[in-house]
Amino acid sequence: MPGGERRRAASAEAREARLAWCLAAPAIATILLVALFPLGWTVWESMHLHDLRMPWLGRSFIGADNYVEAVRDARFRQALGHTLLFTVATVTIELGLGCTLALAMNRAFRGRALVRAAVLVPWAIPTVVSALLWRFIFEGRAGIANALMVDVGLVREAPVWFIRSGLVWIPVVLADVWKTTPFVALLLLAGLQNIDASLYEAARIDGASAWRQFRHVTLPLLRPAILVALIFRTLDAFRVFDLVYVMTGGGPGTSTEPIALYTFNTLLQNLRFGYGSALSVIVFAVVFGLALGYIRFLGAGLTETRG
Amino acid sequence: MSRARWGTVAIVLLVLGSGFPLYWAIVSSFTPEARLYGTPSLIPRVLVLDHYRALFTQREFWVPIRNSLIVAGSTTGFCVLVGGLCAYALARLRFRGKAPLLGLILAVSVFPQISVVSPLYLLLRRLHLINTYPGLILPYLTFAMPLTVWLLVGFFRQLPAELEEAAMVDGASRLRTIREIVWPLAIPGLAATAILTFVYSWNEFLFALSFTLGPERQTVPVAIALFRGQYQVPWGQILAAAVVATAPVALLVLAFQRRIVQGLTAGAVKG
Amino acid sequence: MASVRLDGVEKVYPNGHVAARGLDIDVADGEFMVLVGPSGCGKSTALRMIAGLETPTAGRVLIGDRDVTALPPQERDIAMVFQSYALYPHMTVRENLAFGLRMRGAARPAIAERVEAVARPLGLDAVLDRKPGQLSGGQRQRVALGRAMVRDPKVFLFDEPLSNLDAKLRVETRAELARLHRRLRATIVYVTHDQEEALTLGSRVTVMRDGVVEQVGPPMEVYRRPASVFVAGFVGSPAMNFLQGDLVAVFGGDAQRGPVTLGIRPHDLVLTPADNADLIARVDVVEPRGSELLVHLRLGADGQGQEIRVVAPPEPMPPVDSVVGLHADRQRLHWFDTTTGKRIE
């Protein structure tokens, strides 16, 4: 019977695979449509001249010209520098502070709910809101930050934070640290709670000091969690946009303009789609390279801790 | 100092550090405009509702709230439904190409939004979707879909596979098993994932800024960011709006905090 | 009820792991077949292929006369008790028991009646409206059993169903399973890693290793005439002693036919005075086990030789470091070819 034959051929495995593709197809199609296809388009755009303000120039293929321009573009190099500065500063502070907080919280058991709330609310707040909130705190001479610093005697005269290109980084970094450190602490805390308590007991019986316990038990076992936090934070910091756009607008001048904001301005303010696309591709390549590098690094770290 | 006490100090510092800016925002949002620019005092003397009143009468702040609810809600609904099916297949079913698919989803989740802004803008313009709800929901899927799938794969993997096997041996088809066994057990995970997706969508700024043209379709973050006038910054109203914008996500997150912490940290714990 | 047959079944996982190669297993209608072996021997995979939860990469699975190789589990009319019991946590005991009937579209009153009928003898009528989370381990085990029984399936499959019970409950449940099998005359395929469980429960036992069947037979047959060194060492507790080389000659081993291994169960050795014994050994450790002693010895008067275990009567207790003789029951020696590991008759 042909029906029976066909049924025989369509083994359970083939049926399962078919069902799997049916279930996955809509989501995969969505991702292809809204992420992969536009990415390809960006790459295509980046090799063309496309200036919405000057449509008479046409949209000719210009190869790598846009990329060459980017390499020569001082403002682009400056933006890249700002992004790196921001990334290194925030990630270092957040991981250091987050690690300290996680170690502290791992011991104390009272007020868990309060701690979780303190951690989650800043994380859940829109970045736009936290940017405005910290701008308000540091704003003008009457901002609460200035008032407190004068009260405590930290400074004699209140500085104006948002017009000096060096000082302005302090509220920017602080706002990011405030919003994200608790989240890092939470990730690391989860990693800490995964460490078997009997390991510490064994280390104590073996006569290990608190520092040695941290160095030889906690740190190696916490490494996967630290690396995950590091990946998340670096990639997020490198993509920073909302915070700076709202808090300083990249200013004063372009002294806090990160790469994402410069790209945005090129695209949607100056409407230079070709050049902007080339910048987009560069941002993408850097972020993707970072992610890949970390994942390889993370994989190595994992096997090491398991072995 | 003993270890326990050191921990307590750290927690007090954490709660103060996290909490004070929030406290200050709430207090200031109830402070009359004139007092906002005087010498600040930590304990408020006069509290008024002026800013909130202005927010909803002069500024029609309910418009961006409505827009945000529609956009974030639709994005979340679509992602949990479509992404849930995909996540189930990736977590449970055996088929070729599973590993590359998971890799693709992970890769897309690290895409910088800025890298796809320009083609999405050109695409939406061609489809006449600039300044419409679909014109925001569609771009939001770029980050929301991989996020949802990734979180749900984690949740589905935590469900014991033997339950589904038992159901199939008991005579349920795969789809029936999904409906009668997997779905009821996955509800907590789906809820947590939905909340996270909603929070991310509610907070999104770059796409909402790029693909809307005027107040009638702006979302809450864009509306607040564009409050600043030409000559002066209406801080009272901005802070009132900030409180209004934060309240729903903060309440959602606090109500489901345990689940959400699990969802957020699952990846880190497993490596 | 129905028979079950695995016909040249192979399972190779995509990662290259071979879980079963050329499996031929025949389970007669109404038989209690136990698949036993160390972890990773492929016994669970074999069971899951009968259930339809895994698909063989080659060969056929037959239930009754029907080839079910390509059928999904729900079309095979089987019931399975899982190691974790796999009770649906969001359903009451009643709903758990009714689930299989409901999936097969039985009428509501018929379901209710059947559930009651199964629950009563299992002592579950008082807990029908509780969720699995509120039950004791033993009760959960019974619900899992009841869920399998409620549908009168063609075959019952058990995957290590007793391993989550404490020792006392395990012995009780074991007897209950034997009673159940007698009453239902059901075809049962039962997987365990515990050789004692296999011997006490099975009408026949299949010993597996590395995806291959080592021996099939009634429990006492497997115990008395193990087909290979592996089976001999796996079945029986304490494990069989194996002797090689020169020692074998003492018992009439013939070195002409190639190297042989001699197996002697600890129960088949007797402690005697040192003179005029088969072997001489020094007492190393004595473990009292209540009704008997397990004596660990080392061969040779100097106590430097191979280790050997003897089960001895509780009295008299041999002093540690004393030199004793060993006498073996000539009727109960097991000879194996050292190179192939196979039994020599």
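Data for the structure
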| item | result |
| --- | --- |
| When residues of the range A:241-257 are limited to those that are at the interface with another protein chain (Cβ under 10 Å from one of its Cβ atoms) and either in a loop (DSSP other than H, G, I, E, B) or not hydrophobic (A, V, I, L, M, F, W, C) (or both), the one nearest to B:ILE114 (Cα to Cα) | A:PHE241 |
| Number of positions in the range C:135-164 that are under 16 Å from the mean Cα position of the chain (by Cα) and more than 14 Å from chain B (Cβ to nearest Cβ) | 1 |
| Failed item in (1) hydrophobic (A, V, I, L, M, F, W, C); (2) farther than 24 Å from B:ILE238 by Cβ; (3) at the interface with chain B (Cβ under 7 Å from one of its Cβ atoms); (4) loosely packed, with under 15 Cβ neighbours inside 10 Å, with A:ALA104 passing the rest | (4) |
| Hey, B:LEU226 free of Cβ contacts under 8 Å to residues at least 12 places away in the same chain and within 25 Å of A:TRP123 (Cβ to Cβ) or not | yes |
| Single residue of B:ALA255, B:ALA242 found to be out of contact with any Phe, Trp or Tyr (no Cβ under 8 Å at 6 or more places or on another chain), crowded, with 24+ Cβ neighbours inside 10 Å and not assigned by TED's automatic domain parsing to the domain that holds B:ARG35 | B:ALA242 |
| Residue match in the range B:78-95 (condition: exposed (fewer than 13 other Cβ atoms within 10 Å of the Cβ) and within 7 Å of chain A (Cβ to nearest Cβ)) | no |
| Of the criteria (1) farther than 20 Å from A:ALA175 by Cα; (2) part of a helix (DSSP H, G or I); (3) in contact (Cβ under 8 Å) with a residue 12 or more places away in the chain; (4) within 14 Å of another protein chain (Cβ to nearest Cβ), which one B:ALA34 fails | (3) |
| Of all residues in the range A:48-71 being among the small types (Gly, Ala, Ser) and at negative phi, the one that is nearest to the chain's Cα centre (by Cα) | A:ALA70 |
| Single match in B:ALA225, B:ALA250, B:ALA240, B:ALA268 (criterion: at the interface with chain A (Cβ under 9 Å from one of its Cβ atoms), over 15 Å from the mean Cα position of the chain (by Cα) and modelled with pLDDT of 85 or more) | B:ALA225 |
| Within the range C:98-186, helices (runs of 4 or more DSSP H) holding 2 or more residues that are closer than 24 Å to C:GLU197 by Cα | C:137-149, C:167-184 |
| Lone qualifier among C:PRO38, C:PRO56 - being touching a helix residue (DSSP H, G or I) at 6+ places or on another chain (Cβ under 9 Å), touching a residue at least 24 places away in the same chain (Cβ under 8 Å) and away from every other protein chain (no Cβ under 11 Å) | C:PRO38 |
| Sole residue being surrounded by fewer than 16 Cβ atoms within 10 Å (Cβ to Cβ), charged (D, E, K, R), in a helix (DSSP H, G or I) and within 20 Å of the chain's Cα centre (by Cα), chosen from A:ARG296, A:ARG215 | A:ARG296 |
| Options C:ARG309, C:ARG282; residue that is charged (D, E, K, R), touching a Lys or Arg at 6+ places or on another chain (Cβ under 8 Å) and surrounded by 16 or more Cβ atoms within 10 Å (Cβ to Cβ) | C:ARG282 |
| Residue in the range C:26-33 that is within 29 Å of B:ILE178 (Cα to Cα), among the aliphatic types (A, V, I, L, M) and not in a helix (DSSP H, G or I) present | no |
| Which listed residue, of B:LEU163, B:LEU175, B:LEU213, B:LEU226, is touching a Ser or Thr at 6+ places or on another chain (Cβ under 9 Å) and either within 30 Å of C:MET80 (Cα to Cα) or surrounded by fewer than 22 Cβ atoms within 10 Å (Cβ to Cβ) (or both) | B:LEU163 |
| Extreme residue, surrounded by the fewest Cβ atoms within 10 Å (Cβ to Cβ), among residues of the range C:68-93 that are among the polar types (S, T, N, Q) and within 7 Å of chain B (Cβ to nearest Cβ) | C:SER84 |
| Selected residue (only one of B:LEU93, B:LEU81 is farther than 27 Å from B:VAL222 by Cβ and in the same structural domain as B:LEU151 (by TED's automatic domain parsing)) | B:LEU93 |
| Residue in the range B:197-247 that is nearest to A:GLY140 (Cα to Cα), counting only those that are of a type in the set (S, T, N, Q) and assigned to a helix (DSSP H, G or I) | B:GLN237 |
| So B:ALA192, is it within 14 Å of chain C (Cβ to nearest Cβ) and not acidic (Asp, Glu) | no |
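Yes or no, residue by residue, for (1) assigned to a helix (DSSP H, G or I); (2) facing chain A (nearest Cβ under 10 Å):
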position	(1), (2)
B:SER115	yes, yes
B:LEU124	yes, no
B:ILE130	no, no
B:ALA144	yes, yes
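Residues are listed down the side, and each one gets a yes or a no for (1) more than 21 Å from A:SER280 (Cα to Cα); (2) within 13 Å of another protein chain (Cβ to nearest Cβ); (3) in contact with a strand residue (DSSP E or B) (Cβ under 8 Å, 6 or more places away or on another chain); (4) at pLDDT below 90:
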{"residue": "A:TRP21", "(1), (2), (3), (4)": "yes, yes, no, no"}
{"residue": "A:LEU33", "(1), (2), (3), (4)": "no, yes, no, no"}
{"residue": "A:ASP51", "(1), (2), (3), (4)": "no, yes, yes, yes"}
{"residue": "A:VAL71", "(1), (2), (3), (4)": "no, no, no, yes"}
{"residue": "A:HIS82", "(1), (2), (3), (4)": "no, no, no, no"}
{"residue": "A:THR90", "(1), (2), (3), (4)": "yes, no, no, no"}
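The values are calculated or read from the model by the stated rules, or taken from the named source; none is laboratory data. Keep in mind it's a predicted model, so treat the numbers as computed, not measured. Ideal geometry is used to build each Cβ from the backbone, glycine not excepted, and the neighbour counts take in all protein chains shown.
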